[in-house]
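Heads up: the structure comes next, in structure tokens.
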Amino acid sequence: MNEGDNERFRDAGETGSPAIGLAFDAARDDASVSAEARVFLREQTRLVRLQAEQLIEESSLMRWSLRLKRAGEMMKFAFELSVALVLVIIVIALAGALWSAAHDNGLVIEAFSVPPDLTSRGLSGEVVAGHLLDKLIRMQDETNSIRPADTYRNNWGDDIKVEIPDTGISIGELNRYLRHWLGHETHINGEVYRTPQGLAVTARAGGAGVTFRGKEGDLDALMQKAAESVYAQTQPYRYVAYLGQMNRRAEAMQMLEAFAAVAPPAERAWDYSFLGNLYESFGREKDALSTLRAAVAADPGNAHAWENLSDQEQTLNHLEDALHHSEKAWPLYDQGSVAFNPDRIGIIKLQNRVFVAQLMGDYLTAIRMDEAIRAEPDRGGTQKLALIDEAAQFAAAHDPSRADALDAEIRPVNSNEWINKRISLAGIAFIEERWDTLRRLLDIGELMRNVPAELRPVLGTIYARLPSSWLALADARTGDLVGAMNLIGRTPLDCFTCVLIRGRIDATAKRWHAAAFWFARSERLAPSLPDAPLEWSKMLLEKGDASGAASKAAAASRIAPHYADALEVWGEALMRENRSDLAAEKFSAAAKFAPNWGRLHLEWGEALSYSGTPDEARAQYAIASGLYLEPAERSRLRQLQAH
């Protein structure tokens, strides 16, 4: 054996089994054993290689088996998951169907029973039901109410449909069964049948049917009556609103009186609120006021009930109460007992702010709110009404040119817009003391001829207060004190403006004590308003009591800090007390709220002149010269500019 073989045998003997080691030891000395050992070694090597290959193959098979097992487990998991998802979807769908069925308040019109000859002419039961559906939808579309749909005791909203039963078992039949079982659907059915006189139509809304008879050619009219009967039975409040809008107010009033007698508080608030407005339209002032007060008592969280009460107080010129009721309504639109649609209520909230700002003499805020209303989609003439009101606000802010420009834009298209513009123009004439124009605009005969009969009672209620008071002052200012006293004496003593103008008439006659009496009474009627102390201040200024005038003007300004008139009169009183520096401050403050008031800039310039600032005075005179001034004021301006 060579040295290499010896080394291999040595290594094998050291690492192998004892028998193999002995054999290799023997092979070192015996060539035949050595040859056999080499054969053995080769066989062992081949065996080891085969074993290794087998292990590799078995490992590969094991890995494949594991992957196959894992894939099977994944498929099993996916299958179980998909089954679970399908079950969840089925449960959700079933729950949704159950929930939808339980909350279904829709109106279902079933096919009517009709005579065979009508069916042969195309008037099948389904067609008749479709006609009824069309009329109900049209009536609902014509019913305009701010009341949210979910506050109705029986609201089917827009869910009105004709239902024709399927045959066999289907998803549709399952849904129908669930709605019948769990829901609150209102089912309408009926029949059309022949009578000796023609046709009869009966419609039932879950109870006894109502039948209407007529000639065969009157079928459409009979269907209209049937639709109104269904509307009245299923949506009584909406039907009443519909009657009101169709000028069938007496019917609406009778129905509301019956509803309110048995309604729960929340529903009674709506009934009384509507009923009070109807009483007002019939000229029943006391009934309207007591009914609207009952509405807010029934549900103090209903903003609309408070707003309607405020409107009635405005009509009666109870301005203190109107102010407080309007302020009460404001937060309740968002936080009250009724969730109003923001799109529907936005304009009303803006109108609310206009009213409050106007009472406080904050005309620039009122103008901004009117402009915001005009930017909103029109709702029954709200844009035109805001334009009319904005013109009046500019006049009150002593900007007649802007007021005239807006008036020129107003083109009334109906009697309501015409009367609103007419009263607004009269208010502007009153502010500007154009007495002949005021009398022409407030001619009662012309006003009554140009408004519909249903508006005349309300117009009469308003006319007996505000316009009559304006006309009484016009008589006093044009020298007819007897006529003024006779006219103002017919106005009610709970009317704030009427009492205030009593004082102004006495001030015109220089009956100072009588004027002070009426101004004091006005303050008690409306302590939250600035008008009474302001008019009292003007009277004291004319009387020569500058100190008293300043005190009253200051009181008016505290009530209404943005009221330019109060600040201006305060400034005039301070000038009379030789306190021109303080007067200039008041005029400067007033100019923020009435920037285009010619008289204000004239008085401001005079105060600056007395304060020793002639350049600033000339600047104010220049501004005044470009603005509206009464003839006497313009003459005084020329005199001041000449010095």
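The values are calculated or read from the model by the stated rules, or taken from the named source; none is laboratory data. Note that this is a predicted model, so its numbers are computed, not measured. When we count neighbours, we look across all protein chains shown, and the Cβ atoms used for this are built from the backbone with ideal geometry, even at glycine. Ligands, DNA and RNA are excluded from the accessible area calculation, which covers all protein heavy atoms including side chains. Shrake-Rupley method; radii C 1.70, N 1.55, O 1.52, S 1.80 Å.
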Can you tell me which residue is surrounded by the fewest Cβ atoms within 10 Å (Cβ to Cβ) among those in the stretch 490-505 that are aliphatic (A, V, I, L, M) and closer than 20 Å to Glu542 by Cβ? Ile505
Taking only the stretch 128-145 into account, find how many residues are surrounded by fewer than 16 Cβ atoms within 10 Å (Cβ to Cβ) and out of contact with any strand residue (DSSP E or B) (no Cβ under 7 Å at 6 or more places or on another chain). 5
Can you tell me which residues in the stretch 595-622 are of a type in the set (A, V, I, L, M), closer than 15 Å to Gln641 by Cα and either modelled with pLDDT under 95 or buried (at least 18 other Cβ atoms within 10 Å of the Cβ) (or both)? Leu602, Ala607, Leu608, Ala617
Can you give me the number of residues within the stretch 246-272 that are outside any helix (DSSP H, G or I) and open to solvent by 20 Å² or more (accessible area, probe 1.4 Å)? 4
Being in contact (Cβ under 8 Å) with a residue 60 or more places away in the chain and hydroxyl-bearing (Ser, Thr, Tyr) narrows Ser547, Ser528, Ser557 down to just Ser528
Answer yes or no as to whether Trp306 is in contact with a helix residue (DSSP H, G or I) (Cβ under 6 Å, 6 or more places away or on another chain) and either over 23 Å from Gln245 (Cα atoms) or among the small types (Gly, Ala, Ser) (or both). no
With respect to the numbered conditions (1) without any contact (Cβ under 8 Å) to a residue 60 or more places away in the chain; (2) farther than 22 Å from Trp435 by Cβ; (3) surrounded by fewer than 18 Cβ atoms within 10 Å (Cβ to Cβ), which one is the sole condition not fulfilled by Leu540? (3)
Going through the stretch 311-324 in order, the residues found to be closer than 19 Å to Phe274 by Cβ and open to solvent by 30 Å² or more (accessible area, probe 1.4 Å) are Asp311, Gln314
For the stretch 493-515, pairs from a residue that is more than 14 Å from Ser468 (Cα to Cα) to a residue that is open to solvent by 40 Å² or more (accessible area, probe 1.4 Å) and of a type in the set (Phe, Trp, Tyr), with Cβ under 6 Å and 6 or more apart or across chains, are Gly503/Trp518
Considering only the stretch 429-527, give the helices (runs of 4 or more DSSP H) lying wholly within it that have at least 2 residues that are of a type in the set (Ser, Thr, Tyr). 456-463, 466-477, 496-508
Looking at (1) open to solvent by less than 40 Å² (accessible area, probe 1.4 Å); (2) touching a residue at least 40 places away in the same chain (Cβ under 8 Å), which is the one condition that is false for Tyr628? (1)
Consider the stretch 287-309. How many of its residues are without any contact (Cβ under 8 Å) to a residue 24 or more places away in the chain and within 21 Å of Ala526 (Cβ to Cβ)? 2
For the stretch 467-489 the number of residues that are touching a Ser or Thr at 6+ places or on another chain (Cβ under 7 Å) and either open to solvent by less than 50 Å² (accessible area, probe 1.4 Å) or over 18 Å from Leu441 (Cα atoms) (or both) is 5
The stretch 212-245, subset within 23 Å of Glu191 (Cβ to Cβ) and among the basic types (Lys, Arg), residue least open to solvent (accessible area, probe 1.4 Å): Lys225
By residue number, the members of the stretch 501-549 that are of a type in the set (Ser, Thr, Tyr) and over 36 Å from the mean Cα position of the chain (by Cα) are Thr508, Ser537, Ser547
